[in-house]
1. Which one of B:1, B:7, B:35, B:46 is at pLDDT below 90 and within 24 Å of residue A:160 (Cα to Cα)?
2. Do you know which residues across region B:186-201 are within 9 Å of chain A (Cβ to nearest Cβ) and either under 18 Å from the mean Cα position of the chain (by Cα) or modelled with pLDDT under 85 (or both)?
3. Go through region B:58-176 and tell me which helices (runs of 4 or more DSSP H), entirely inside it, have 1 or more residues that are more than 21 Å from the chain's Cα centre (by Cα) and without any contact (Cβ under 8 Å) to a residue 40 or more places away in the chain.
4. Tell me, which residue of region A:60-81 that is in contact with a helix residue (DSSP H, G or I) (Cβ under 6 Å, 6 or more places away or on another chain) and within 13 Å of another protein chain (Cβ to nearest Cβ) is nearest to residue A:113 (Cα to Cα)?
5. Would you confirm, using the coordinates I've provided, whether residue A:135 is under 30 Å from residue B:217 (Cα atoms) and either facing chain B (nearest Cβ under 9 Å) or at pLDDT 95 or above (or both)?
């Protein structure tokens, strides 16, 4: 089944959000030379019910065979395909502060076949520095760059105050995906269709603090 | 209402997960000197229905007054209190690679009143380096450190392969909270109650890639 067919079938956002987890597990299984797995075994490893797993995976064709399980490699390759792994997605990083630096060296782009093609910053001391063969460019040149090069995703790793104007600019030169680390709400007003994925690290930390505080109070 | 009372009332995880977002919005409002807000206005800003907002906030006492709205400062202070902001939580960072470095310099700990008290690494070139007055210690000394100092949360920013043994060690010296950037599933076997908050940056990136790929296919 190709992606177009799946799209017609409209896989729910909840399922799409779970797919990267399957992707990680299956990759791990392949690394360990495990070629078949039952929904029960997968369920134990992933801490999801077997019935949820069957339901999730049935969304894009029944790969599992009764009493035989799933073919790990084909399931992995199908999920990779759905999620756009190795489909030539290109990405730039805007803002080479701590987050930008942590990301440019992170293997997560490469593992998913996403190519980082540009790095941008506004600080004269940072412009011209080099990361993995890429030289940091002046953010003033970002629109020209995106006009000349196809850019699918911009990582927004700049301060909150500059996030929306930057996204607006990038939008106008065809960038559609924004991986937003700035903590700003992205409100683009030009009516273009964009996709924003927010990473609020602090929110996750606070949920943990809540648990810790409850635990401490219970102990008292 | 104190936290103990709220706990007796068992606020659902879904609500707790939304609270940090309210926390951010309310902080923004305070910065802009806005002292009262209606659920309708908050709804427009946050893109959540007004009825959801009222429901969420009613979980810890009805702060809103009909025709008058919410008192921003008391709501902020109550949510801060529930989430354990400024409640003396202490934290260490294990692994001073790119993620560790990005985090130690990130204001998110300070903003929530969380004190980073120790940094650890295994690399002799990294041990002894300094970040914000804190010297990176040898990870071999981590158990002694945690025995001598109260540590609530450990940020796990080390490679996947070492994550579980490290968590197990930290568990045995009383650390209960783990902010896990390692991509490992934490499976601690010693029966201690711990809280793990996983940050899988790649999963969020993949969800974005899915959207971009669908969009590209639609365009073709």
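1. B:46
2. Filtering region B:186-201 for residues within 9 Å of chain A (Cβ to nearest Cβ) gives B:193, B:195-201.
Hits for region B:186-201 are B:195, B:196, B:197, B:198, B:199, B:200, B:201.
3. Ranges flagged: B:72-82, B:142-148, B:160-172.
4. Result: A:79.
5. Criteria not met by residue A:135.
The values are calculated or read from the model by the stated rules, or taken from the named source; none is laboratory data. All figures in this text were calculated on a predicted structure; none of them were measured in a lab. So basically every Cβ, Gly included, is an ideal-geometry build from the backbone, and we count neighbours across all protein chains shown.
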